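Quick one: structure below, then a few questions.
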Amino acid sequence: MKRKLTDAEKKEIYEEVREFLADEFEIDKEEITRGTNVIDDLGGDSILFLEMIEEFKEKYDINLEVRTIGQYMLKNPIYTVGETIDTMFEIIEKGDDLITELGEEG
Amino acid sequence: MANSTYKSRNNKPVAVTGIGMICPLGISTSECWENMLAGKSGIRKITKFDPDECITQIGGQLPDDYFALEKENTPKRLFKQTVRATRISRLCSREAIEDSRVELDKIDLNRCAAIMGTSGSSVRSPDDLGGPGTERFKIIREMINAAPAWISIDYGFRGPTFTVSAACASGSYAIARAFDLIQSGAVDVVVASGVDTLLTENSVKRGNFMKMLSEQNQFPEKAMRPFDRKRDGWVISDGGCAVVLESYDHAVRRNADVYAWMLGHGSLSESYSLYAPSPYGEGMVHVIESALDNAQISGEKIDYVCANGTSTAVNDYYETIAIKKVFRKHAYDLLISAPKSMIGHSIGGASAISFAVTALALKTQKIPPTINCEFPDVDCDLNYVPNAMVRANGLETAISNSFGFGGHNCVVVLKKSL
């Protein structure tokens, strides 16, 4: 189901992602910007994004299987916080359409 | 087809250039070593868990300041993704690498390896929880190859990294594999470690059922008494040790400070029993002779034996017999000591610690004692360096014994100088 995130919602998600990362890596939230590299700068890993999805699933009504999101990420790798946020927006906004996209591409 | 990564296979000695150690007597090599030379015991009443339902209520717990060290050096996310055995292995490996002064930015990391020996603490320490959010990392936390994998990531090692498991001989098996890998020409540097954290309620109960643990709860520091007539078994400890091994050429080229040179090893199976050594130390004789043969050195050249010395009636009796059979008259000239008398038995960690103790003894010309040798056993009549360390000027060559459940035996031969 398609939905459109408002600028306020996007801002809120951005802040929540920063808070999640700041808590996880025990650093000041202000140190995290869109350009921060999740793996090289923060010492993160590929499971991190899936953990965030788990955290945000209920609040943002994400019904997609983590497996599907993983498949999406295979073709759309995430390196920076900015890319993480954009992918989060895509997942929330496109919902099931993401599966169709994957099917068409695959 | 020849593997292009293999340089020339050789029989040159392998250098021991770095040591890192965490055991009940300390959280660094120097602290552990000083306490061993002072003949201190790290055995105390168990507080790690409530031992009320266990017959044995004493153990070799890590020093209290270990936990501050671990917290300081383990980021929250890494903590969730690792078990304590992995964290100990990482800390020991870091100390060993720093101690070796090998400059990682100047060497070929494709030719660096990490090998860990463990009896499987990661899946056998169910109470070793990492706090909230841990469960989702269960697979990567508990896989027994996690520690060498982390070390490969920590330092960029791209050579072979893997875990071996051979019960109480796991650490020395890891070191033996490291030796073989270096002599094969495949790698220049290996960080080899042995670690276990099996001081758990489950392990103590099972150990009590098998009647292998000491029940001397009233005198924790007196419980481990290898080769003493009143020995009644061992106590379980947590701990580990990592060593840096380097090829002869690599160590000489960079003018490394060498603790000792590893000349060879014997790694053999008893093919007898899952828990008992073969009668009268037959398997022990076999592996010691194999090690001497592999090192191309005669028994008369050995000065010191770092004994397996588990404080069980059987091991210490058979180990004594085996030493007499191999070394004959020379057995009575040997200095023999059992570090487990002071630190308990950390299973996979123990044999790596013994290896390091042997290297340290050669380097410093000091031999730590076997403590609690108070009541002579007529069947154990060799020089076990009782109760006080000895200075051994001229100490040149030594072996380190480890005999594991399952009949996994490993003996390594070390020499001070070439």
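Sort out which residues of the stretch B:65-86 are in contact (Cβ under 8 Å) with a residue 60 or more places away in the chain, under 21 Å from the mean Cα position of the chain (by Cα) and assigned to a helix (DSSP H, G or I), and write them in order of number.
Correct list: B:ARG84, B:ALA85, B:THR86.
Right, here's the next one. I want to confirm something. Restricting to the stretch B:224-274 and keeping residues that are polar (S, T, N, Q) and touching a residue at least 12 places away in the same chain (Cβ under 8 Å), which single residue is surrounded by the most Cβ atoms within 10 Å (Cβ to Cβ)?
Across the stretch B:224-274, the extreme among qualifying residues is B:SER237.
Another one. Given the condition at pLDDT below 85, under 16 Å from A:ARG3 (Cα atoms) and part of a helix (DSSP H, G or I), answer yes or no: does some residue in the stretch A:76-94 qualify?
Yes.
Look through A:GLY44, A:GLY35 and report the one residue that is within 14 Å of chain B (Cβ to nearest Cβ) and part of a loop (DSSP other than H, G, I, E, B).
Details: A:GLY35 fails: within 14 Å of chain B (Cβ to nearest Cβ).
Answer to the selection: A:GLY44.
Then there's this: State yes or no: is B:LYS48 more than 14 Å from chain A (Cβ to nearest Cβ), outside any strand (DSSP E or B) and in contact with a Phe, Trp or Tyr (Cβ under 6 Å, 6 or more places away or on another chain)?
Judged against the criteria, B:LYS48 is not a match.
OK, next. Taking the stretch B:255-299 as the region of interest, how many residues are within 18 Å of B:ILE321 (Cα to Cα) and among the aromatic types (Phe, Trp, Tyr)?
Matching residues across the stretch B:255-299 total 2.
Let me spell it out: the conditions are (1) part of a loop (DSSP other than H, G, I, E, B); (2) within 14 Å of chain B (Cβ to nearest Cβ); (3) in contact with a helix residue (DSSP H, G or I) (Cβ under 6 Å, 6 or more places away or on another chain), and A:LEU50 meets all of them except one. Which number is the exception?
(1)
Turning to a different aspect of this structure: Which of the residues that make up the stretch A:23-32 are surrounded by fewer than 19 Cβ atoms within 10 Å (Cβ to Cβ), away from every other protein chain (no Cβ under 11 Å) and touching a helix residue (DSSP H, G or I) at 6+ places or on another chain (Cβ under 6 Å)?
Scanning the stretch A:23-32 gives a single hit, A:LYS29.
Something else now. For the stretch B:26-43, which positions are surrounded by 15 or more Cβ atoms within 10 Å (Cβ to Cβ) and over 16 Å from B:ILE367 (Cβ atoms)?
Within the stretch B:26-43, B:GLY26, B:ILE27, B:SER28, B:THR29, B:GLU31, B:SER41, B:GLY42, B:ILE43 qualify.
Which of the following residues is within 14 Å of another protein chain (Cβ to nearest Cβ) and either closer than 30 Å to B:GLU270 by Cα or buried (at least 21 other Cβ atoms within 10 Å of the Cβ) (or both): B:ALA167, B:ALA146, B:ALA192?
The match here is B:ALA146.
I'm trying to understand the selection: among the residues of the stretch B:363-384, which are within 29 Å of B:GLY18 (Cβ to Cβ), surrounded by fewer than 24 Cβ atoms within 10 Å (Cβ to Cβ) and not charged (D, E, K, R)?
Answer for the stretch B:363-384, where residues must be within 29 Å of B:GLY18 (Cβ to Cβ), surrounded by fewer than 24 Cβ atoms within 10 Å (Cβ to Cβ) and not charged (D, E, K, R): B:THR364, B:GLN365, B:PRO369.
Before we move on, is B:LYS211 on the phi > 0 side of the Ramachandran plot and either outside any strand (DSSP E or B) or away from chain A (no Cβ under 14 Å) (or both)?
Against the criterion (on the phi > 0 side of the Ramachandran plot and either outside any strand (DSSP E or B) or away from chain A (no Cβ under 14 Å) (or both)), B:LYS211 qualifies.
Identify, please: which residue in the stretch A:1-22 is within 18 Å of A:ILE78 (Cβ to Cβ) and among the β-branched types (Val, Ile, Thr) and is, among those, nearest to the other protein chains (Cβ to nearest Cβ)?
It comes out as A:VAL17.
Do we find that A:GLU58 is within 22 Å of B:PHE137 (Cα to Cα) and either hydroxyl-bearing (Ser, Thr, Tyr) or within 14 Å of chain B (Cβ to nearest Cβ) (or both) in this structure?
Spelling it out, it is not the case that A:GLU58 is within 22 Å of B:PHE137 (Cα to Cα) and either hydroxyl-bearing (Ser, Thr, Tyr) or within 14 Å of chain B (Cβ to nearest Cβ) (or both).
The values are calculated or read from the model by the stated rules, or taken from the named source; none is laboratory data. As the structure is a computational prediction, the values presented were derived from the model and not from experiment. Here the Cβ is made from the backbone with ideal geometry for all residues, glycine too, and neighbour counts use every protein chain on show.
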